[in-house]
Amino acid sequence: MHGVYHTYNEFNIKRDTNYIQEGEDIIKSCFGENPKEFKAPQLAISSENKRILEDEFGFKVYTKFTQLLHKTYHCNDTGLLSNKLQDWI
(Lines give C-alpha, C1' and ligand atoms only; values in the text may rest on other atoms or scores of the structure.)
Protein backbone atom coordinates (compact mmCIF):
# COMPACT_ATOMS: atom_id res chain seq x y z
CA MET A 1 0.00 0.00 0.00
CA HIS A 2 1.31 3.44 -0.88
CA GLY A 3 -0.88 5.83 1.04
CA VAL A 4 -4.64 6.21 0.86
CA TYR A 5 -4.99 9.25 -1.39
CA HIS A 6 -1.28 9.65 -2.24
CA THR A 7 -1.18 13.27 -1.16
CA TYR A 8 1.94 15.21 -0.16
CA ASN A 9 3.03 14.35 3.40
CA GLU A 10 -0.12 12.25 3.80
CA PHE A 11 1.35 10.17 6.62
CA ASN A 12 3.51 12.87 8.16
CA ILE A 13 0.39 14.12 9.97
CA LYS A 14 -1.56 12.08 12.53
CA ARG A 15 -3.88 9.49 10.95
CA ASP A 16 -6.30 7.30 12.86
CA THR A 17 -7.08 3.64 12.29
CA ASN A 18 -10.27 4.47 10.35
CA TYR A 19 -8.24 6.38 7.77
CA ILE A 20 -5.77 3.53 7.34
CA GLN A 21 -8.59 0.98 7.25
CA GLU A 22 -10.14 2.91 4.35
CA GLY A 23 -6.96 2.45 2.34
CA GLU A 24 -6.72 -1.22 3.26
CA ASP A 25 -10.36 -1.74 2.19
CA ILE A 26 -9.68 -0.09 -1.20
CA ILE A 27 -6.74 -2.43 -1.85
CA LYS A 28 -8.78 -5.46 -0.78
CA SER A 29 -11.65 -4.53 -3.10
CA CYS A 30 -9.24 -4.16 -6.03
CA PHE A 31 -6.96 -7.16 -5.49
CA GLY A 32 -8.95 -9.50 -3.26
CA GLU A 33 -6.47 -9.50 -0.38
CA ASN A 34 -5.19 -7.18 2.30
CA PRO A 35 -1.89 -5.40 1.72
CA LYS A 36 1.04 -6.58 3.81
CA GLU A 37 3.57 -3.83 3.06
CA PHE A 38 3.43 -0.05 3.24
CA LYS A 39 5.52 2.78 1.84
CA ALA A 40 4.36 6.33 2.54
CA PRO A 41 4.07 8.90 -0.26
CA GLN A 42 7.29 10.96 -0.45
CA LEU A 43 8.62 8.50 2.19
CA ALA A 44 7.31 10.93 4.82
CA ILE A 45 5.86 9.14 7.83
CA SER A 46 5.58 10.09 11.50
CA SER A 47 6.74 7.67 14.15
CA GLU A 48 3.17 7.42 15.49
CA ASN A 49 1.73 6.50 12.08
CA LYS A 50 4.52 3.98 11.55
CA ARG A 51 3.71 2.39 14.91
CA ILE A 52 -0.03 2.15 14.05
CA LEU A 53 0.72 0.59 10.66
CA GLU A 54 3.10 -1.98 12.15
CA ASP A 55 1.41 -2.78 15.47
CA GLU A 56 -2.28 -2.45 14.66
CA PHE A 57 -2.32 -3.48 10.99
CA GLY A 58 0.71 -5.74 10.81
CA PHE A 59 2.30 -3.90 7.86
CA LYS A 60 5.97 -4.14 7.02
CA VAL A 61 6.76 -0.43 6.65
CA TYR A 62 9.43 0.60 4.14
CA THR A 63 11.29 3.86 4.76
CA LYS A 64 13.81 5.90 2.79
CA PHE A 65 16.58 3.41 3.53
CA THR A 66 14.83 0.77 1.40
CA GLN A 67 14.19 2.99 -1.64
CA LEU A 68 16.87 1.44 -3.87
CA LEU A 69 15.71 -2.17 -3.59
CA HIS A 70 12.01 -1.62 -2.85
CA LYS A 71 10.94 1.08 -5.29
CA THR A 72 7.33 2.19 -5.39
CA TYR A 73 6.11 1.98 -8.96
CA HIS A 74 4.05 4.76 -10.47
CA CYS A 75 2.33 4.81 -13.82
CA ASN A 76 4.16 7.96 -14.94
CA ASP A 77 7.61 6.36 -14.34
CA THR A 78 9.21 9.40 -12.71
CA GLY A 79 12.00 9.64 -10.19
CA LEU A 80 15.71 9.01 -10.04
CA LEU A 81 15.38 5.30 -10.88
CA SER A 82 12.99 4.51 -13.71
CA ASN A 83 10.77 1.42 -13.67
CA LYS A 84 12.84 -0.02 -16.52
CA LEU A 85 16.08 0.22 -14.50
CA GLN A 86 14.43 -1.38 -11.47
CA ASP A 87 13.23 -4.30 -13.60
CA TRP A 88 16.80 -4.85 -14.77
CA ILE A 89 18.15 -5.11 -11.20
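The values are calculated or read from the model by the stated rules, or taken from the named source; none is laboratory data. Quick caveat: nothing in here was measured; it's all calculated off a predicted structure. In this analysis, Cβ positions are derived from the backbone assuming ideal geometry, glycine residues included, and neighbour counts consider all displayed protein chains.
Overview of values
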read-out	value
Test: residue in the range 68-77 that is in contact with a Lys or Arg (Cβ under 7 Å, 6 or more places away or on another chain), at pLDDT below 90 and of a type in the set (Val, Ile, Thr)	yes
Selection count, the range 43-55, where residues are in a helix (DSSP H, G or I) and surrounded by 16 or more Cβ atoms within 10 Å (Cβ to Cβ)	4
Test for Phe38: is it touching an Asp or Glu at 6+ places or on another chain (Cβ under 9 Å) and of a type in the set (Phe, Trp, Tyr)	yes
Some residue of the range 35-48 being on the phi > 0 side of the Ramachandran plot and of a type in the set (S, T, N, Q)	yes
Whichever residue in the range 1-38 is crowded, with 16+ Cβ neighbours inside 10 Å and part of a strand (DSSP E or B) and, among such residues, is farthest from the chain's Cα centre (by Cα)	Phe11
